[in-house]
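Visitor: This is the structure, below, for whatever I ask next.
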Amino acid sequence: MTAAAAFDGTTSGPHTETASAAPSIPKVSSAHAPVGIFDSGLGGLSVLRAVRAQLPGESIVYVADSLYAPYGERDDDFIADRTLAIGQWLVEQGAKVLVVACNTATAQSIALVRERLPIPLIGVEPGVKPAALQSKTRVAGVLATQVTLRSARFQDLLQRYAADCRFLCQPGHGLVQAVERCDVGSAELRALLQNYLQPMLDAGADTLVLGCTHYPFLDAAIRDIVGDRLTLIDTSVAIARQLERVLDQQGLRTASGTGPALAPRFFSTSDGTHLQQLAETLLDLAAPVERVHIPSRRTAAPDPQAV
């Protein structure tokens, strides 16, 4: 896989639940503070995996807004509202930098969140540029959510980098939901992927942009369908490298020699069952998931089950 460019703004214990938005994460405004990673659900675990490989000394707090996933079917105001609320929550917990590990949230809200939060932000965008650079047939496919594909940011990417390359943009309806329920290889999923990918192959595409952080978990299923005919573009490694650069620039990187980082702390606005399952199955991380209520303007009423 080839990593795409990310941009900066300056993935077993018992479940525990919390009735408030203030679990006990030490608030330390220093290099020892945690990195906050946020996604609408489980897709950001692909970014977490890359961050842990690139920066093993960093502590991580991961928030999955699974109660309201998938964002790809939400309106723009809702996405911005939730992204800002969760970013503010992570700041309150002491996060030193925020990684918005969601293409949809980045596309619709990164500018607003950057203005409102006092910490550096790193977002993710579909790998249009590296796909255009690598494609030999000058035809590339893009799998992404409908919200990402219609966003001004994505359209700008096409304007900047795709002048001589034809991009076949396919909304990945149903793919996020499949990953959210830990389905990465069922017959139904493979049939859905076949339906999305075959037209790209028929059109001569030789490159596929995975335009959602959920999609790297479908790598094996995609490979079974396309073999070596498509080069997959995954942004997670590039995001981890950009995070490393930002931490170094801001003097926020955990000093070497301080020992291994603590295990990531996982929070979910849903019950966390699938988050825990996917983290254990795909990342070999057996960690509890704490349920948290993070209110926002569009979701002011607490989930009655989060008690």
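The values are calculated or read from the model by the stated rules, or taken from the named source; none is laboratory data. All figures in this text were calculated on a predicted structure; none of them were measured in a lab. Here the Cβ positions follow ideal geometry from the backbone for every residue, glycine too, while neighbour counts run over all protein chains shown.
Visitor: Going through Arg241, Arg265, Arg245 one at a time, which residue ends up being surrounded by fewer than 20 Cβ atoms within 10 Å (Cβ to Cβ), charged (D, E, K, R), in the same structural domain as Asp77 (by TED's automatic domain parsing) and within 30 Å of Ala205 (Cβ to Cβ)?
Guide: Arg241
Visitor: On to the next question. For the range 88-103, which residues satisfy the criterion of being closer than 20 Å to Arg297 by Cα and among the hydrophobic types (A, V, I, L, M, F, W, C)?
Guide: The answer is Trp89, Leu90, Val91, Val100.
Visitor: Next up: Charged (D, E, K, R) and touching a Lys or Arg at 6+ places or on another chain (Cβ under 7 Å): does that describe Asp271?
Guide: Yes, satisfied.
Visitor: Of all residues in the range 158-172 being outside any strand (DSSP E or B) and touching a helix residue (DSSP H, G or I) at 6+ places or on another chain (Cβ under 9 Å), which is nearest to Asn195 (Cα to Cα)?
Guide: It comes out as Gly172.
Visitor: Being aliphatic (A, V, I, L, M) and within 26 Å of Phe217 (Cβ to Cβ) is the filter here; which residues of the range 132-161 pass it?
Guide: Ala132, Leu133, Val139, Ala140, Val142, Leu143, Ala144, Val147, Leu149, Leu157, Leu158
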